[in-house]
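See structure below.
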């Protein structure tokens, strides 16, 4: 048997939707992988560069020690010449000490690339700071020994890395931070682009729906007038009069729906509105039109005040309430069910006063996974439905009315409670 929800276009929509989500995840994963490759590649390259520079500096200082040892043994002019040529090539700090680790004097001749003025003004301060500096160097690299012809240690050469190597060692951390910021910025950009694309799709769909509804609504209004005229010229029939009245009411509701879809994508006009009247009219309209499927569903509503004025768009707010009531009715599995709507004013200590509307049902409730995805466009647990009702409702409340819409309570077989909060204009907006 061919069922409504077995339509090919429905399956095609969902397959396209799954493909879109899959492509988004693949695109995000690809972005993360590329960023990871950049980070790892940069770290490996930097570490190799640092290792190469450290090896060069160690070879250079050992060569310098060999020349010092040769000069100490032979006092040859060639060793002195080599020493003069090699010394300018050393661009990292070095301290030459005696066999006891005491820096040799004068310090300006037996230290390389060290500003003595920063170590102190007096000779005593410089001596103490040079010893401390040599001890710190020894923790990084073992000092190089300089021996005399008899094999005794006569000098030690303490050294550390140049400022280039030290900065290169910090570079991977900087690169990691920069790439992380790049990944975060890219992810935010993709998320914003995805949200913008979804908004454009919603706007386009809404505008086209409003356009398509316009023609049959105008035609229906014309036929209603024809029927009303014929009824006025004939014998009055209470049933026909009631039918035409209900038909007119439904057509007016269709016109309101078209206006709602037209409002999507544009800034709706907000006006001071008594929210209690909106709830009452919506409940009255929905009570006769709920998808009962053999069930008995009672809708109850109550308010703490008779008049609660908020800045709202009546058509859009009614749309949200209709979506919530319809979802609540469809969630009721048993033969009997209750939908309870409560309107109250909440006063926060550090925030402005707001009106809260809670819609509770005695239905099957939601699991944790369903709650987490309930407001995702396209997500639905129904065989029929597009999964846009809650997503559109959240958009209407949060973007157009600067309020909040959230699932307060829900658990399997324990019903669901959804709350709407819209800020009040001032304290005079409530009348008991």
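Points worth noting:
- Subset of the range 324-351 [in contact (Cβ under 8 Å) with a residue 60 or more places away in the chain and closer than 16 Å to residue 275 by Cβ]: 324, 341, 343, 345, 346
- Flag if residue 209 is at pLDDT below 70, part of a helix (DSSP H, G or I) and over 33 Å from the mean Cα position of the chain (by Cα): no
- The condition of being modelled with pLDDT of 85 or more, under 20 Å from residue 295 (Cβ atoms) and in contact with a strand residue (DSSP E or B) (Cβ under 8 Å, 6 or more places away or on another chain) holds for only one of 397, 341, 407, that being 341.
- No other residue among 95, 114 is in contact with a strand residue (DSSP E or B) (Cβ under 9 Å, 6 or more places away or on another chain), modelled with pLDDT of 80 or more and closer than 13 Å to residue 156 by Cβ apart from 95.
- Between 352, 318, the distinction of being surrounded by fewer than 20 Cβ atoms within 10 Å (Cβ to Cβ) and either at pLDDT below 90 or assigned to a loop (DSSP other than H, G, I, E, B) (or both) belongs to 352 only.
The values are calculated or read from the model by the stated rules, or taken from the named source; none is laboratory data. Here the structure is a predicted model, which means the values were calculated and not measured. Neighbour counts run over all protein chains shown; Cβ positions are idealised from the backbone, glycine included.
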